[in-house]
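A quick write-up on the structure given underneath.
Rule-based calculations on the coordinates, nothing more; no lab input. The structure displayed is predicted, hence computed values, not measured ones. When we count neighbours, we look across all protein chains shown, and the Cβ atoms used for this are built from the backbone with ideal geometry, even at glycine.
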Amino acid sequence: MSDKAKVLIVDDEEIVRLNIERILEAENYIAKTAQNGAEAIQMAKRDEFDLVLTDLIMEDIDGLRVLEEVKRDWPETVVIIITGYGSLSSAVRAMQRGAFDYIIKPCEKEELIMRVRNGIEKRTMEKKLLEINKMEAILSNIGLFILDDKGVITSANSDISKKLWGDIPIVGKKLLKLPGVANTGLVDCLKQPLSGEEGNYRENIKFYSQKDSSELILSCHLRPVSFKNGKPKSIMLVIEDLTKRTKVMQQIGQAEKLAALGKLAAGVAHEINNPLNIISLDVEFLKSQIDAHSPLMENLQSIAEEVDRIAHIVKQLRDHAKREDSAKEKISINDVLNSHIFSIAFSQLIKKGIQVEFDLEERLPPVLIPRTKITQVLMNIIKNAEDAMPNGGTLNIYSRRIAKKKDMELTGDVKTGSGNLKDLVEIVIEDKGIGIKKEDIKYLFEPFFTTKGFDGTGLGLFISYSIIKSYNGMINVSSEVGQGTTFSIILPVAYHNQESEVAATEKR
Ligand code: ADP
Ligand code: MG
């Protein structure tokens, strides 16, 4: 087998197709072409491609369908969407459904090559990661248990049983009677082989470690291995610990997606600004031409307001895209929360029947982030809390110094300049508002996700997330519908040497 990467090009325009094919072949890829969505889906069913490059708008079966079908069969295949500016919103949708990147037509050769190369690189990395994971799994994440026909464990692999049950001895005990097993999918899974049915049973379950109560994701595979009078005499149970892999994969996906969506959003903003200015000027012109009492005045006014709204969104996106690397400042979170601008914001809340309660830890160490940026983040989150409590309520704000928790290690998110991973400052903003639906939580930080219709832009949390990320922190959220929502922002503590570093770079 050759190790050249295989790319499928889908476009209903022959010239485009052939052009891309020629470029990619010159770059040493194996390039195949499909002239419509149906053909592409057919080809992708037969063959695994490393990367699929698909036009978005095609007759009958469009690029979104191609994306979905390909991803269903080959979740690891990288899909890049080709699109015109006119259909950028569908490109956003494609990104949300798992496309890796998008290319705007017409596209320069160099750009095409670069994006395809990035896609293939991601794919290669993931393949490697998969290999490493496999090895790791073999070494430490797989456990083998043998049960008798009553479900009593007769032999067990010690590594994994330690992870699940700590030092509790398990051999000679009934699996279903072991602590933590009762409410898991294992119960149902074990029923069939115990009742004498043949076959394989596989289930992914959540399990709370009896050793340190961490949440584990386990793949459990049950299979009768020896029979007596047609009934299973012993059952093999293979448990694979997927916890680490699941978390790492989720994070790789999320970070990448947000970065790409950010680029896309900035592109849209740029394109929208000019026509917007023209509309604005035209509206002003029309206003000056008609009688001040004309009923049309109202319509013009409404156009002007909507244009303002769009301009506001565009400004947010553009400011965000600029991302000027503001000099890092060593600031005190408590000072920020006690500043004038926040006291104005809080007095507004109080007017709306929202009580604001603080619990700010004294002698909180400083963090390294520009004051304007952290202000923007806190304001966004407080504004959301306000929106979530239309009939008043309570807003609690805490600040505290925390040590890095054990399970934070998995995220690998928080890094400090000094390499000290222990020292963090956490700001918690807790409301007693309407809460967030479980199924919405995973979209919160994506651009344009809003449940507020025309009153929302869906940019607040997206921008906040990117800001906190770029200062090596993280944002977490937990919420219960009808109960309220808690946002936690974590930033690394700033040290003396970091301040002087910053001062030095600023002078240069
Ligand atoms: P916007 O506020 O413009 O809708 P955001 O990015 O700030 O955009 O928030 C996205 C969505 O997250 C909101 O529309 C809302 O559904 C949800 N959300 C954010 N914070 C809260 C909160 N404190 N309580 C309930 N829902 C929230
Ligand atoms: Mg908001």
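At a glance:
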| item | result |
| --- | --- |
| Gain in span if fully extended, Y208 to D455, counting 0.36 nm per residue against the direct Cα distance | 84.8 nm |
| Separation of alpha-carbon centers, segment 175-198 and segment 10-85, rounded to whole Å | 45 Å |
| Peptide ranges 276-284, 10-18 listed from the most packed, as the mean C-beta count within 10 angstrom indicates | 10-18, 276-284 |
| Computed E for V225/L130 - FRET, C-beta separation, R0 35 angstrom, nearest 0.05 | 0.80 |
| Label-point separation, S478 to S294 (7 Å along Cα→Cβ), nm | 6.0 nm |
| FRET E, pair S158, E39, Förster distance 56 Å, beta-carbon r, rounded to 0.05 | 0.55 |
| Subset of K105/K128; K244/K469; K404/K469; K71/K163; K105/K437; K6/K109 violating a 27 Å alpha-carbon distance limit | K105/K128; K71/K163; K105/K437 |
| Label-to-label distance, nm, for residues given as I279 and D60 (7 Å Cα→Cβ offset) | 3.7 nm |
| Gain upon complete extension [E439, K351; 0.36 nm per residue less C-alpha separation] | 28.4 nm |
